[in-house]
Amino acid sequence: DLAQLELAPEAYAALTTGGVRQARARDPAAFKEHLAFYRARVLYSIGVRLLHRQGVELADATWWIPLGCYALAALLFLAWASGHVSLAVAALFALGLAHTPALLNQANTSSADGLAAVFVCLGAWALLERRLFYLAAGLLTLAVAVRPDTVILIGFLAAALFFLTRGDERPHVLGLFLWVAISATLYLCLSDFAGEFLERSIANDFA
């Protein structure tokens, strides 16, 4: 009812007609089953709720977050690049990255992807630019609370750091183990919180 009130008629019709969307709009059981997929994205949902409490329409709040994350990502690209090249070149580089199709799509889509991307990019900056493993690990683990399938990236990244780095560049083995263990535990907790649908979704990602 709230979506119908806030959205333009053509936008509401696009969300509620045709195939599985129509089934979810008309069948409460089908709608409830699909909610599990979004329930696991807790940080995004919390952000949407906080904006809504501040008076932002619920439909707009779902879009303001990815739009804001798009701007933050562009600023991160600019700040990161400016440490290696002139400000003018860094601005062109950041502008080019900001206009890649993937980021433009995130900025125009009501989804958690933009927030997850910011956490991943910040984690990459902390790890590669500042050599702050534990800060990077924390940021990437937070991304799991936005998109649980980020745990796949964490698993492969931890393995890469263990096998492909040497000396001072390699994080402590115990730190790597704890990072993977904490991230996996968070994923399992989110999976239990969200329900069976999330487990099937992650299985499809692996497939």
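The values are calculated or read from the model by the stated rules, or taken from the named source; none is laboratory data. Bear in mind that the values here come from a model prediction, so they are computed numbers and not experimental data. Counting neighbours? That spans all protein chains shown, and the Cβs are built from the backbone with ideal geometry, glycine included. To get the accessible areas, we keep the full protein, side chains included, count just its heavy atoms, and leave off ligands, DNA and RNA. Shrake-Rupley method; radii C 1.70, N 1.55, O 1.52, S 1.80 Å.
Quick notes on this structure:
- Full-extension gain in nm, Leu92 to Leu188, via 0.36 nm per residue minus C-alpha separation: 30.4 nm
- Segment 77-186: relative contact order in percent, alpha carbon pairs under 8 Å with at least 6 residues between: 17 percent
- Taking the chain and dividing mean pair separation by its residue count, relative contact order in percent (alpha carbons under 8 Å, at least six apart): 21 percent
- Legend: calculated FRET efficiency, His99 to Ile46, from the Cβ-Cβ distance at R0 = 25 Å, rounded to 0.05, equals 0.25.
- Length available on full extension from Leu72 to Arg170: 0.36 nm per residue minus the Cα-Cα distance, which gives 32.4 nm.
- Positive-end residue, the chain charge dipole about Cα centroid, Cβ charges, pick of Ala13, Val180, Thr100: Val180
- In plain terms, the chain from Phe156 to Ala3 could stretch by 51.2 nm, reckoned as 0.36 nm per residue minus the Cα-Cα distance.
- A 1.4 Å probe run over the chain, with the rest of the protein chains in place, finds 60 Å² accessible per residue.
- Between 0 and 90°, nearest 10: helix 87-98 axis offset from the chain longest Cα axis: 40 degrees
- Surface composition of the chain: carbon plus sulfur atoms contribute 68% of the solvent-accessible area (1.4 Å probe, protein chains only, all chains present).
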